[in-house]
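J.: What follows is a single structure, and I will ask about it in a moment.
The values are calculated or read from the model by the stated rules, or taken from the named source; none is laboratory data. Computed from a predicted structure; not experimentally measured. Cβ atoms come from the backbone with ideal geometry, glycine included; neighbour counts cover every protein chain shown. With ligands, DNA and RNA removed, areas are computed over all heavy atoms of the protein, side chains included. Shrake-Rupley method; radii C 1.70, N 1.55, O 1.52, S 1.80 Å.
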Amino acid sequence: SFGYKKPNDVLKALNLKIYAGEKIGIMGASGSGKSTLGAILLGLKRPTSGDVFINGRKLKPELINGWLKNVAYVSQNVFIADLSIAENIAFGINPKNICKDKLDYCLKITQLSNFLEEREEKSYSTVGERGNSLSSGQKQRIAIARALYKEAKFIVFDEPTSALDKNTERDFIYY
C-alpha cells in the first residue's frame, strides 16, 4: 500500500507478480497511482505498508543501488542534454566508449536511424539545449533508446509514447 496522507492510500493492498520477459500495462484514471506504482517498483518510493520483492528477495534500502543499475524509467518528460544524440542515448558513458553496434541497434528499434540519415553528422549531431532541435517524438525515442542501450532488465514506461504517431507507437510496442 502507498499513501501520501493517512488514511487515504493511493494504492491499497496491491499484490502484483511480474515475471521475467513479461510486458504488462497499467491503465487507470489520472491520479489513480500508476506513476506511483512505477516509482515503487523502481525503488524510488517505499510502500507505506508491505514490501517489494525482486526474484524472491525483499528490496531493502541497502539493495536499492544494485537494483537501480538494472532498471530504467522512460517518462513523457524527457531529459535531453546539450550533447550529441549518441551521447544522450549512452548517457554517462565516455563518448570514446560508446558501442557503435549497440547504438545502431537502439537507433533502429526506436526508428531514429531514418531521421538521422538526413543529418550530416548522423548520431553525432548535437541536439541543442534541452533538445531544442528535436521534436517531442524524437526526444521520446531518445529516452526509449537510452533505456535499451542501458540493457535494463526492468523498464517502467510512464506514457513514453504520448508524442509518437500511432504507427510508430504500435511498431515500438509490438517489436
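J.: Please work out if residue 42 is touching a residue at least 60 places away in the same chain (Cβ under 8 Å) and either out of contact with any Cys (no Cβ under 6 Å at 6 or more places or on another chain) or open to solvent by 90 Å² or more (accessible area, probe 1.4 Å) (or both).
T.: Considered against the rule, which asks whether it is touching a residue at least 60 places away in the same chain (Cβ under 8 Å) and either out of contact with any Cys (no Cβ under 6 Å at 6 or more places or on another chain) or open to solvent by 90 Å² or more (accessible area, probe 1.4 Å) (or both), residue 42 comes out as yes.
J.: Select from region 86-113 the residues that are in contact with a Leu (Cβ under 9 Å, 6 or more places away or on another chain) and under 14 Å from residue 147 (Cα atoms) and list them in ascending order.
T.: Across region 86-113, the qualifying residues are 86, 89, 90, 91, 102, 105, 106, 107, 109, 110.
Listed here are the residues, each with its yes/no results for (1) open to solvent by less than 70 Å² (accessible area, probe 1.4 Å); (2) basic (Lys, Arg); (3) at pLDDT 90 or above; (4) out of contact with any strand residue (DSSP E or B) (no Cβ under 9 Å at 6 or more places or on another chain).
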| site | (1), (2), (3), (4) |
| --- | --- |
| 66 | yes, no, yes, yes |
| 76 | no, no, no, no |
| 81 | yes, no, no, yes |
| 84 | yes, no, no, no |
| 98 | yes, no, yes, yes |
| 104 | yes, no, yes, yes |
| 113 | yes, no, no, yes |
| 120 | no, no, no, yes |
| 124 | no, no, no, no |
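J.: Here's a follow-up. Kindly evaluate residue 51 against the criterion of being open to solvent by 40 Å² or more (accessible area, probe 1.4 Å), touching a residue at least 24 places away in the same chain (Cβ under 8 Å) and not basic (Lys, Arg).
T.: When the stated conditions are applied, residue 51 does not pass them.
J.: Take the residues in region 24-39 that are open to solvent by 60 Å² or more (accessible area, probe 1.4 Å) and in contact with a helix residue (DSSP H, G or I) (Cβ under 8 Å, 6 or more places away or on another chain), then tell me which one is nearest to residue 154 (Cα to Cα).
T.: Applying the filter and picking the extreme gives 26.
J.: When the residues of region 126-139 are filtered to those that are at pLDDT below 85 and of a type in the set (D, E, K, R), which remaining residue is farthest from residue 149 (Cα to Cα)?
T.: This residue is 129.
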